[in-house]
Amino acid sequence: MAATAEWEPPVAPEAAPVAQPERKGTAPAPGPPAAINRKAENNQPDEIHYVNPFVHKLVWDDPIDKAKTALLTVILLPFRVVLILVCLVVAWALANIGLYGLSKEDLRTKPLVGWRRQLRHLTALVMRTLFLFGSFNYIRYKGVRASPKEAPVICVAPHTAFYDSVCVVLFGPSAVVAKYETASLPFFGKLIDYAQPIYVCREDPHSRQTTIREIIQRANSKEDWPQILIFPEGTCTNRTSLIKFKPGAFYPGVPIQPVLMRYPNKVDTVTWTWEGPNAIQLLWRTLTQFHTFCEIEFLPVYYPSEAEKANPKLYADNVRMLMAKALDIPISDYTFDDCKLMTFVKNVGMPHPAAIADIGKLRETLKIAATDRESKIVASERQFTDANSLLTYPQFAERMQLDVQQEAAHNLFHKLIRPETPDVIDFREYLLLALFLITLYKPKLIFVEYLFHLYGVNGRVNRTQLYQTLQNLVRISQKELNSIFLQADPDNLGTIDYSQFVKAIERNPLLAKLQKNNDPNNLRLG
């Protein structure tokens, strides 16, 4: 039940060492252990965390824990699953009764009253019982929850997993800002509808603006709406830092109550991130625990200053700093956009998808991005082979004109290391990812021209190399590729250059695909 709001592009920091907090039961997330130490300006933080927050490694090497899990899988898990399903069906039935006769417009424009509102509280109680059967036997509270009049908006962080939806159940239930797609989920769609959420379509920019307007209207309404609950990070992280808050929750300029979520368990079976255990694994491991510890801390209501009311981004940054301090973790410049970028790179089959956001930030840190250094290297090299592409760190630094003493340069090199070759990287893999970043949000044809030089000889590619050039950009069959290559190579030389390729696809549907932008919002190949 992930919530969302508007997101902002990442800002790349200068790198400097920072100590990482110890997390029991997990291996540290891969990523450069670097951060920025800078003086606070305009209420900005002094420390920016730089470890990838979208990666979670669940270590399971304790034989006693393995034996316990196996035993409870047989003895306890079936009963818990049956009881959870019973609760889910009962809650779904109650939600259907409560929603009977109401239109989508009614739910969006008028708060529930009378028996429908009372039934909603009963539905929330049934859902709390569901969590009880799911090993959340006791939830510890700290602080005092504010009323909807005191704080129309609740801001919950860090957002770790689907288990965070327990907040929605416990707080009223509260109205979440949810992805539009969740309305069509079996069972859960009706339950979410019954909480009178504010829906947003992440891929539709007009929907985002509509969502912000609706948040503002509800937060400032005189009617008895439930509190709006928002996870301002917009995606799940591993709790090593607080990523950038989306400013959607802060546009109304009303008081906000920050709420902290903690899962102080010996083994972390709840964290659900971009890379790590999937939802089924986490459910299984959690349901075979005797007890899953959860702590919810209500911080004092945050009353925005006039400057914060006028600047939602400043308001979001200041609340994030406050929450990070209370959690005793750093903040980071990672955003939901970084997670989308990693997903895109993985889906199109490029190497090192978990590293792409870090590579982008480190290129900014090292002032590489401003010079397009990689495109110049590709254009000047006759041919890339194993002999000139398998580089040690000093060779990589020399090739990229970097100071070997710079920690950011060292971190950039280590983002590309593979376990089987720990002392060298394949420079071609780095260039591919760098060229992808250079051509981000630009027509794919620009990327194609660079790749003719990366994969070819003097900018000319053979049939195999043409496939290498196109494989991460579009879906293309071998038959179609052969046809294009034959048309581009009328003299049967066995290689073609970029201009011949473009001429060959002038009347081919492939041209329209390659004229589209290299856009991570389109998560799969066209």
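The values are calculated or read from the model by the stated rules, or taken from the named source; none is laboratory data. Everything numeric here is computed off the predicted structure, so don't read it as measured data. Cβ placement follows ideal geometry from the backbone for every residue including glycine, while neighbour counts extend to all protein chains displayed. Each accessible area value is taken on the protein alone, full model and side chains, heavy atoms only, with ligands, DNA and RNA left out. Shrake-Rupley method; radii C 1.70, N 1.55, O 1.52, S 1.80 Å.
For this structure, a couple of remarks:
- If you go through the stretch 140-160 and keep only what is among the hydrophobic types (A, V, I, L, M, F, W, C) and touching a helix residue (DSSP H, G or I) at 6+ places or on another chain (Cβ under 7 Å), you end up with VAL153, CYS155, VAL156, ALA157.
- Residues in the stretch 354-392 that are in a loop (DSSP other than H, G, I, E, B) and either open to solvent by less than 40 Å² (accessible area, probe 1.4 Å) or more than 16 Å from LYS415 (Cα to Cα) (or both): LEU366, LYS367, ILE368, ALA369, ALA370, THR371, ASP372, GLU381, ARG382, PHE384, THR385.
Condition check ((1) under 25 Å from the mean Cα position of the chain (by Cα); (2) at pLDDT below 85; (3) in the same structural domain as GLY276 (by the TED database); (4) open to solvent by less than 10 Å² (accessible area, probe 1.4 Å)) across all residues:
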{"position": "PRO186", "(1), (2), (3), (4)": "yes, yes, yes, no"}
{"position": "PRO197", "(1), (2), (3), (4)": "yes, no, yes, no"}
{"position": "GLU223", "(1), (2), (3), (4)": "no, no, yes, no"}
{"position": "PRO226", "(1), (2), (3), (4)": "no, no, yes, no"}
{"position": "LEU229", "(1), (2), (3), (4)": "yes, no, yes, yes"}
{"position": "ARG239", "(1), (2), (3), (4)": "yes, no, yes, no"}
{"position": "PRO252", "(1), (2), (3), (4)": "yes, no, yes, no"}
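- Among the residues of the stretch 277-311, those identified as in a helix (DSSP H, G or I) and either closer than 21 Å to ALA157 by Cβ or free of Cβ contacts under 8 Å to residues at least 60 places away in the same chain (or both) are ALA279, ILE280, LEU282, LEU283, THR286, GLU306, ALA307, GLU308, LYS309, ALA310.
- Residues in the stretch 162-176 that are of a type in the set (A, V, I, L, M, F, W, C), surrounded by 22 or more Cβ atoms within 10 Å (Cβ to Cβ) and either within 24 Å of HIS56 (Cα to Cα) or touching a Phe, Trp or Tyr at 6+ places or on another chain (Cβ under 6 Å) (or both): 1 in all.
- Those residues of the stretch 119-153 which are open to solvent by 60 Å² or more (accessible area, probe 1.4 Å) and in contact with an Asp or Glu (Cβ under 9 Å, 6 or more places away or on another chain), in sequence order: ARG140, TYR141, LYS142
- Entry remark, the stretch 478-526: residues being in a loop (DSSP other than H, G, I, E, B) and not small (Gly, Ala, Ser) number 18 in total.
- In the stretch 393-409, residue most open to solvent (accessible area, probe 1.4 Å) [restricted to those that are in contact (Cβ under 8 Å) with a residue 40 or more places away in the chain and assigned to a helix (DSSP H, G or I)]: GLU407
- Check on ASP358, in contact with a Gly (Cβ under 7 Å, 6 or more places away or on another chain) and touching a residue at least 24 places away in the same chain (Cβ under 8 Å): yes
- Residue in the stretch 208-221 that is modelled with the highest pLDDT, counting only those that are among the hydroxyl-bearing types (Ser, Thr, Tyr) and open to solvent by 20 Å² or more (accessible area, probe 1.4 Å): SER221
- Within the stretch 113-166, the set of residues being among the small types (Gly, Ala, Ser) and either outside any loop (DSSP other than H, G, I, E, B) or not assigned by the TED database to the domain that holds THR292 (or both) comprises GLY114, ALA124, ALA157, SER165.
- Only one of ARG363, ARG382 that is within 23 Å of the chain's Cα centre (by Cα) and touching a residue at least 40 places away in the same chain (Cβ under 8 Å): ARG363
- Residues in the stretch 426-456 that are open to solvent by 40 Å² or more (accessible area, probe 1.4 Å) and over 23 Å from the mean Cα position of the chain (by Cα): ARG428, PRO443, ILE446, GLU449, TYR450, HIS453, TYR455.
- Sole residue being within 27 Å of PHE427 (Cα to Cα), free of Cβ contacts under 8 Å to residues at least 60 places away in the same chain, surrounded by 14 or more Cβ atoms within 10 Å (Cβ to Cβ) and assigned by the TED database to the domain that holds LEU362, chosen from GLN468, GLN487: GLN468
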